[in-house]
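The values are calculated or read from the model by the stated rules, or taken from the named source; none is laboratory data. Note that the coordinates shown come from a computational prediction; the quantities given were computed from them, not determined experimentally. Quick reminder, even Gly has a Cβ in these numbers, built from the backbone with ideal geometry, and neighbours come from all protein chains shown. These accessible areas exclude ligands, DNA and RNA; they are computed on the full protein's heavy atoms, side chains included. Shrake-Rupley method; radii C 1.70, N 1.55, O 1.52, S 1.80 Å.
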Amino acid sequence: MNDRLPPELRPVLNESGLEVQPLYTAADVEESGGLAMLGEPGEYPFTRGIHRLMYRKQPWTMRQYAGFGNPRETNQRFKYLIANGQTGLNVAFDLPTQIGLDSDDPLAEGEIGRVGMSVDTLRDFEVAFDGIDLAKITVSLTINGAAAILIAMYLAMAEKRGYDVKQLRGTAQNDILKEFIGRGTWIFPVEPSIRLVGDTIEYCAEHAPKYSPVSVCGYHIRESGATPAQEMAYAFCIARAYADEVIRRGLHVDEFAGRLSYNFNIFGNLFEQVCKFRAGRSLWAKIMKEQYKAEKPGSMWLRMIAGGGGGGLTFEQPEMNIVRGAYYALISALSGAQTMALCSYDEAYTIPTEYSARISLRTMQILIEEMGLTETVDPLGGSYYVETMTNRMRQKMEQIIAETDAQGGIVKMVAEGSIQAKVSAQAYQMQRDIESGKFPKVGVNRYRNDQEEDHPVEFHPYNEADARVQIDGLARMRAERDEAAVARALDRVARDAQAGVNLMPAIVEAVKAYASVGEITKQMVKVFGRYREPIRF
């Protein structure tokens, strides 16, 4: 029983299960562990930020998620966003591309370009990024199961346009373990999937050392039902699994860790979200320094994109998502994110329109230009509440990591489906709590006005003609390319997959010959097989 809580007040727990006191003092900070892990911005353990001056020197990158239809349409949206002040690109791919299918595959029917850009061959990348300066606009590829192929395409496209790949910056999501937990766009079984992630890290460390081949996504684990503390802890477990895979190959941690990045979610309690990032930053630094013996400060940095989670948006009263989005952006800025990708208000039900995407972009620009969020570093630092909760969140994350390790580690738990079962059960309970009103959601179970709920919403139309353009383009490419070169390259992919060597050189050769995503995937499926999700009751 908490004797500090007046009897008329009920206990309040945040989503991570930590009790929130009605008042915090310096004694609470000391009792929770004190300021030993605070430090200075830009110095270990980086609780206050990975750079000394943070946004005072350079604001966060604004990288809205975009992509739909065929590459030509997506190119137009990219140029629209850049013209409106966006400083990075975050590319969405359609479902067939994500699971390694070509547009002319019967299984792709009805999904070509529906929820992202359709990509079949290197030619599609050449069209999508035409007229975009890759030295000024960094590009993030939101792709996982087929990530090795699309990383190869991006590097090949940049090289063909004359860029020095060793100087090229950019990011691929390429986090397959969270796909098994959350989104489900897997292709191969767990072990060969991890091997492919290792191949991309190893290849980029040598050939594209400024490119970030992995962005570990606590984001989707959170969307799938994880608490904020679990989101961070499971992401760190996944990052360790990838690091272990590469270290087994003989690389030192400082050869690759500086290019690992993270994608995190923001929705829910403002202070819990800020504290999870401050705690996570110091915990990741501690893991890299103490467990992996990293020496370079950059190897210990928690480099992250964060700016809003679609799971926090509502179909009901969608205009309120503009308000939610503004708070998500505020949280991201207060948390010290390097990049923001702010969800648009209509993402609860459709692909964002140009209008809604511009509102999100303007929201971030208002924080920079009008609200003073770039003027000082870690403005909530020193708050009794924030420092106490940061310490508590770090302890909670360490507890979750220890429990995961005790059960055999994240790879084992993902392979057997136990992590998936846990977060799915939590998601089910959260939905029950929203439906019952136990968990408040404005416009959903609070302050509803049913007379206003039947308002029209604008859905992004699916265009069959665009799909036909993509299929016809693939047919033309197959007619124009050197089929003998394609056959040799595809044969090498299969041989290298069987031999257990790094697959990236073979995949790069194949994409340069204009082999398709589906053709390359099929060669690997011959060796690796396809993943079958375990069913747990």
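In a DSSP loop and with at most 16 other Cβ atoms within 10 Å, the GluC sites (Glu not before Pro) in the range 356-389 are 370, 375.
If you take Rg and Dmax of the Cα atoms in Å from the coordinates, which of [x] 44.3, 149; [y] 23.0, 80; [z] 24.2, 77 do you get? Computing Rg and Dmax of the Cα atoms in Å and matching it to [x] 44.3, 149; [y] 23.0, 80; [z] 24.2, 77 gives [y].
Tell me which DSSP H helices of the chain clear both cut-offs, 20 Å or more of axial length from alpha-carbon atoms and a mean Kyte-Doolittle hydropathy of at least -0.5.
Passing helices, by number: 190-207, 228-247, 270-286, 320-335, 354-369, 483-499.
Between the alpha-carbon centres of the range 154-206 and the range 452-515 there is a gap of 15 Å.
Count neighbours as other Cβ atoms within 10 Å of each site's Cβ, and list the trypsin sites (Lys or Arg not before Pro) in the range 179-234 that are DSSP loop with at most 16 such neighbours. Before the final figure, lay out each step's value.
Numbers: sites: 183, 195, 210, 222; in loops: 183, 210.
Listed in order of number, the matching sites are 210.
Accessible surface comparison of 412, 438, probe 1.4 Å, protein chains only, largest first: the order is 438, 412. Here the range 304-381 is treated with +1 on each Lys and Arg Cβ and -1 on each Asp and Glu Cβ, and its dipole about the Cα centre works out to around 80 debye. By the rule of a C-alpha distance below 19 Å, with chain neighbours fewer than 8 residues away ignored, the aspartates and glutamates paired with residue 441 are 15, 223, 272, 316, 319, 346, 347, 433, 450, 452, 453, 454. The residues of the range 89-143 expose on average 31 square angstrom of accessible surface per residue, using a 1.4 Å probe on protein heavy atoms.
Report the one residue of 513, 486, 523 whose Cα lies farthest in the direction of the positive end of the charge dipole of the range 380-537 (charges on C-beta: Lys and Arg +1, Asp and Glu -1; origin at the Cα centre). Selected residue: 523.
Rounded to the nearest 20 debye, the dipole size of the range 12-150 about its Cα centre is 780 debye, using +1 on the Cβ of Lys and Arg and -1 on the Cβ of Asp and Glu.
For the chain, give the share of DSSP beta bridges that are antiparallel, in percent and rounded to the nearest 5; count only bridges with both residues there. Don't jump to the answer; show the numbers that get you there.
Numbers: 2 of 25 bridges.
About 10 percent, rounded to the nearest 5.
Note on the range 452-537: dipole from Cβ charges, positive end direction compared against 503, 477, 462; the farthest Cα belongs to 503. Rounded to the nearest 20 debye, the dipole magnitude of the chain is 1140 debye, with +1 charges on Lys and Arg beta carbons, -1 on Asp and Glu beta carbons, and the Cα centre as origin. For the pair the range 47-122 and the range 270-299, the centres of their Cα atoms are 28 angstrom apart. Each residue, residue 4 and residue 421, gets one label point 7 Å from its Cα in the Cβ direction; the gap between the two is 3.8 nm. The largest accessible area among 353, 74 belongs to the first residue in 353, 74, and the rest follow in falling order (1.4 Å probe, all chains). Cross-link reach is defined here as a Cα-Cα straight distance under 17 Å, omitting same-chain residues fewer than 8 places apart; for residue 412 the lysines meeting it are 178, 422. What percentage of the solvent-accessible surface of the range 277-325, computed with a 1.4 Å probe over protein heavy atoms, is contributed by carbon and sulfur atoms? Roughly 59 percent, rounded to a whole number. Selection among 157, 242, 205 by position relative to the dipole of the chain gives 205 as farthest towards the positive end (Cβ unit charges, Cα centre).
Solvent-accessible surface of the range 392-537, taken per residue with a 1.4 Å probe and all protein chains present: 58 Å². The alpha-carbon of residue 166 sits under 19 angstrom from the alpha-carbons of these lysines, leaving out residues fewer than 8 places away in its chain: 136, 210, 512.
When each of the peptides 510-522, 21-33 is scored by the mean number of other C-beta atoms lying within 10 Å of its residues, the order from highest to lowest reads 510-522, 21-33.
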